[in-house]
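First the structure, in the form of structure tokens, and then the observations on it.
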Amino acid sequence: MMRTVVIFTALLAATSVGLGVALAQTAKPTPKPVPQSAAKPAPKSPFTPPAFKITVATEGGYPPFNYLDRKGLPGGFEMDLAQEACQHMKAECEFTAAKWDDLIPGLLDKKFDIVMSSLEVNSDRRRRLGMSRRYYLSPGAFIAAKGAPFDGPATLLRNKKIGVQKDSMHADWVDKSFRRSAQIKRYSSVAEELQALAKDEVDAVFGDKAQLWLWSQKPEGQCCELVGLDIKDTQTLGVGVSAGLRREDVKLREAFNKALGEIMSDGTYKKLNEKYFPFSLN
């Protein structure tokens, strides 16, 4: 009886071992997780990524150079020029408007990347900002009543009454040129001096050519027209208008300057200029 039990126990053990081996041979192994690095890479985008992602800011209050359209979006000569520059730079650009006093602080705080808002180049802006190359210059000019005998050299205005905005670069030029040979009448704003011209209180007004021409196109300015030659004097009237960038953004400034150069040489600038003005701004 003892021998029978032992044999049975041995057979049972052998059967269990055999069954376990069979099960182990037939069981499917647990799949190992695929390492992340071995995963199939995502397909590449067919589109070239932009060279720059930038925000261009303007005031939107100096038409036709910059203004807000019916949808409240920035428009005008400067924004058209900015869009062309963005295409040449292969940049992704966003356009925004800000109050005049917030433009340069916002640029320095990195809220914007480029300011295009008729920034006259001066020593203070050169010190604080990285100014681009000049993209427009509105020269000094005279405006007088239609048919007035002043459509020639500025010397024709000797002994005449000349209106000018006080404490301006245009006043500096008039002082230098007519201090002893004409009656200079100073006004607190361009609007006031032009009202004086319309009322025949002065014989001519000296100021920014673009501003004077725009006024002559309005009903209140139909009395008058630009006369004489353009006045360009870098010592008093400045060197023109540039875009403002941060000084450290050297690559962006170089790319922007290169784009402006291409726009000016390929005829694009001329087309934009003629879209807004009947005279050259560069």
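The values are calculated or read from the model by the stated rules, or taken from the named source; none is laboratory data. In this text, all values refer to a predicted model and were calculated from it rather than measured experimentally. Note: ideal-geometry Cβ built from the backbone for every residue, glycine included; neighbour counts use all protein chains shown.
Below is a table of values for the structure above.
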{"read-out": "Leading residue by the ranking (modelled with the lowest pLDDT) among those in the stretch 32-70 that are of a type in the set (V, I, T) and part of a loop (DSSP other than H, G, I, E, B)", "value": "V34"}
{"read-out": "Residues within the stretch 71-109 that are in a loop (DSSP other than H, G, I, E, B) and farther than 27 Å from E262 by Cβ, tallied", "value": "5"}
{"read-out": "Qualifying residue in the stretch 109-131 (condition: more than 21 Å from R247 (Cβ to Cβ) and either surrounded by 15 or more Cβ atoms within 10 Å (Cβ to Cβ) or small (G, A, S) (or both))", "value": "no"}
{"read-out": "Any helices (runs of 4 or more DSSP H) falling wholly within the stretch 195-282 and containing at least 2 residues that are more than 24 Å from K185 (Cα to Cα)", "value": "250-265, 268-276"}
{"read-out": "Unique match (being under 30 Å from A51 (Cα atoms) and acidic (D, E)) among D266, D200, D208", "value": "D266"}
{"read-out": "Counted residues, the stretch 195-227 - those being in contact with a strand residue (DSSP E or B) (Cβ under 6 Å, 6 or more places away or on another chain), closer than 26 Å to N282 by Cα, aliphatic (A, V, I, L, M) and buried (at least 18 other Cβ atoms within 10 Å of the Cβ)", "value": "4"}
{"read-out": "Of all residues in the stretch 69-96 being surrounded by fewer than 17 Cβ atoms within 10 Å (Cβ to Cβ) and over 10 Å from the mean Cα position of the chain (by Cα), the one that is nearest to K111 (Cα to Cα)", "value": "E92"}
{"read-out": "Which listed residue is of a type outside the set (S, T, Y), surrounded by fewer than 16 Cβ atoms within 10 Å (Cβ to Cβ) and at pLDDT 95 or above, from Q183, Q165", "value": "Q183"}
{"read-out": "Subset of the stretch 239-280 [of a type in the set (G, A, S) and crowded, with 17+ Cβ neighbours inside 10 Å]", "value": "G240, S242, A243, G244, A255, A259"}
